[in-house]
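The structure appears below as C-alpha cells.
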Amino acid sequence: MLRAVMKLFGRDDDKPSGKIARDRLRVVLIHDRANISPEVVNHIKDDIIKVISTYMDINQHDMEISLSDDDNSVALLASIPVKRIKPQVMSSRNMHR
Amino acid sequence: MSDVIVVTSGKGGVGKTTTTANLGVGLAKRGNKVALIDTDTGLRNLDLLLGLENRIMYDLVDVATGRISYKKALVRHKKHETLFLLPTSQIRDKTAVTGQQLIDICNEMRGEFDYILIDCPAGIEQGFKTAIAAADYAIVVTMPEVAAVRDADKIIGELNRADKDRIKLVVNRIRSHMVDSGDMLDMDDINDILAIDCIGQVPDDEMVVTSTNRGEPVISNKKSLAGQAYNNIVGRICGEQIPFLDLRKKTLFDKLKQILHV
Ligand SMILES: Nc1ncnc2c1ncn2[C@@H]1O[C@H](COP(=O)(O)OP(=O)(O)O)[C@@H](O)[C@H]1O
Ligand SMILES: [Mg+2]
C-alpha cells in the first residue's frame, strides 16, 4: 500500500519484493549449481594474484572474485584494483615493437 | 504396466503429501487403479489426509522385510474403490526401507496398478534416495518463495544425478493477490529459474485445510479453486492439454487500483 502511495508521488525506486526474490535466487543458484566451495574460490584468487603480480602491483585486499549470471551462461568476474604497472613490463613491450 | 511417480520437493511443508493425496483421488476417479505409497517413515501423514488412519494393519516396513505380501498391507479407500494406500511405519525411521526394496515392491505391484504414486519425505538423505529409486518420473512440488525454489533446484540436480531426468513441476500455495502486487515470485520467474516443464499451479486455498480436517482431499470439492487446479494436473498426467487456471480473483479494490494505475 505504501508503495502505491510512493508511486503516486513518482517514487518507484524500490523494486517489488518478488523481483528482489528472483534476482537473489538467480545469484544463489549459480553458486549452488556450480558447487564450488569457498576454499576453491580462494585458491583461484591466490593463483590469479600470483599471475597478475608479475606484471602489476595490485591491491590484494580489495580484490573481489565472483560468479555471475550472464545471459544463460556463467561468468567468473574478477575485480582487481591495480596500483601500478611494473616498469619492466612496459619496457619488455617496447622491446617487442 | 504402470507409471511410478515420485512426489518430492526437498523442503518440508510445501505440499507433497497434499499433492499425492489429491492426485491419487483424481486418478482413481477417472477409473484408474492407483496405489499410493507413503515413504515418510516415522512421520506418516498420507493416511490422515485420505481418512484411512484407523484401518492400517501392516506397513511398508513389513512388506520390505518380506514379512507379508504387499497385498496384505494395502488399505482400500472406502469411497474411491480403485484407490489403495500402502502406509509406512510410524515407529521406525528412514533407514528401515532401502531403495532396492522399494524397487522390488514397485516391480511386483506394477502389473496390478495403472499408477503408483510415492510420497517422498523432506530432505535429500536416505529417505529421499529410497523414495526416488523406483520412480519412472518425478513431480517436484515447490512454493513461490526463495527457500522452496532453491530447494527445488537442488532436488532437480539430485534427480538428474540419479538419472531421473523426467521431471515435472507443481507450484503450490500461490497467493494471487501477492503475485499481482509484485510481492511474490511469479510463474514466469520460477519457470525461468528452474527450467523444467510445469504441470500445475495450485492456489493457496483454505479449503485445503478444511478438507484435510475431514480426511477428504480437496479435489472432490467442486467449489475449491485448489481442487480444480489439482483436477487439471490429473488431466495433464493423463495426457490432456489443459490451460492453466486464472488464479486472480478481482476484488473491487483491485479494479479501483487498475483504474488508478497503481
Ligand atoms: N494449496 C494449499 N493451500 C493451503 N494450504 C495448503 C496447500 N497445500 C498444502 N497446504 C498445507 O500446508 C501444510 C503442509 O502440506 P503437506 O502436504 O503436509 O506438505 P509436505 O508433505 O510437503 O510436508 C499442510 O498443513 C497443508 O494443509
Ligand atoms: Mg509430507
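Every read-out reported here was derived from the displayed coordinates using simple, explicitly stated rules and does not represent laboratory data. Everything numeric here is computed off the predicted structure, so don't read it as measured data. Quick reminder, even Gly has a Cβ in these numbers, built from the backbone with ideal geometry, and neighbours come from all protein chains shown.
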Requested in this report: Along Cα→Cβ, 7 Å out, is where each label goes; now give me the distance between the ones at B:ILE68 and A:VAL89 in nm to one decimal.
Outcome: 7.6
Query raised in the report: Given a Förster distance of 51 angstrom, what is the FRET efficiency for A:THR54 paired with B:ILE103, based on the Cβ-Cβ distance and rounded to 0.05?
Result: 0.35
Report summary line: For A:17-27, B:180-190, ranked highest to lowest by mean beta-carbon neighbours within 10 Å, the order is B:180-190, A:17-27
Query raised in the report: Taking the Cα centre of the protein assembly as shown as the origin, how large is its charge dipole in debye, to the nearest 20, when only Lys and Arg (+1) and Asp and Glu (-1) carry charge on their Cβ atoms?
Result: 480
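At 4 °C and a viscosity of 1.567 mPa s, what translational diffusion coefficient does Stokes-Einstein give for the stretch B:109-262, taking Rh as the Kirkwood radius over Cα pairs? Give it in µm²/s as a whole number. Please list the in-between numbers first.
Values: Rh = 17.3 Å.
D, rounded to a whole number, is 75 µm²/s.
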Query raised in the report: Once the protein assembly as shown is represented by equal point scatterers at the alpha-carbon sites, with solvent omitted, what log10 I(q)/I(0) does the Debye formula produce at q = 0.07, 0.12, 0.14 Å⁻¹?
Result: -0.42, -0.91, -1.12
Report task. For chain B, give the magnitude of the charge dipole about the Cα centre (Cβ charges: +1 Lys/Arg, -1 Asp/Glu; no others), in debye to the nearest 20. Result -> 780
Report summary line: If unit charges are put on Cβ atoms (+1 for Lys and Arg, -1 for Asp and Glu) and the dipole of the protein assembly as shown is taken about its Cα centre, the option from B:PHE128, B:VAL170, B:SER69 lying farthest towards the positive end turns out to be B:VAL170
Report summary line: Cα convex hull volume per residue for the stretch B:1-155, in Å³, equals 98
Report task. Can you tell me the FRET efficiency between A:LYS15 and A:ALA78 if r is taken as the Cβ-Cβ distance and R0 is 25 Å, rounded to the nearest 0.05? Result -> 0.40
Requested in this report: Please name which of B:ASN107, B:THR95, B:ILE219 has its Cα lying farthest along the dipole of the protein assembly as shown towards the positive end, using unit charges on Cβ (Lys, Arg +1; Asp, Glu -1) and the Cα centre as origin.
Outcome: B:ILE219
Report summary line: Here, A:VAL40 and B:GLU145, labelled 7 Å along Cα→Cβ, have an inter-label distance in nm of 3.0
Requested in this report: Compute the relative contact order of the stretch B:1-73 as a whole-number percentage, counting only Cα pairs closer than 8 Å that sit 6 or more residues apart in sequence.
Outcome: 21
Requested in this report: Over the stretch B:3-260, calculate the relative contact order: mean separation of alpha carbon pairs under 8 Å at least 6 apart, over the residue count, as a percent.
Outcome: 24
Report task. Using only alpha carbons, build the gyration tensor for the stretch A:23-89 and give me the equivalent ellipsoid semi-axes, biggest first, whole Å. Result -> 28, 12, 9
Query raised in the report: Which entries in the list B:LYS16/B:LYS78; B:LYS129/B:LYS154; B:LYS129/B:LYS168; B:LYS29/B:LYS223; B:LYS78/B:LYS168; B:LYS33/B:LYS72 go over 21 Å, if you measure between the two C-alpha atoms of each?
Result: B:LYS16/B:LYS78; B:LYS78/B:LYS168
Requested in this report: Quick one: compute the contact order of the stretch B:147-237, relative version, from alpha carbon pairs under 8 angstrom and 6+ residues apart, as a percent.
Outcome: 25
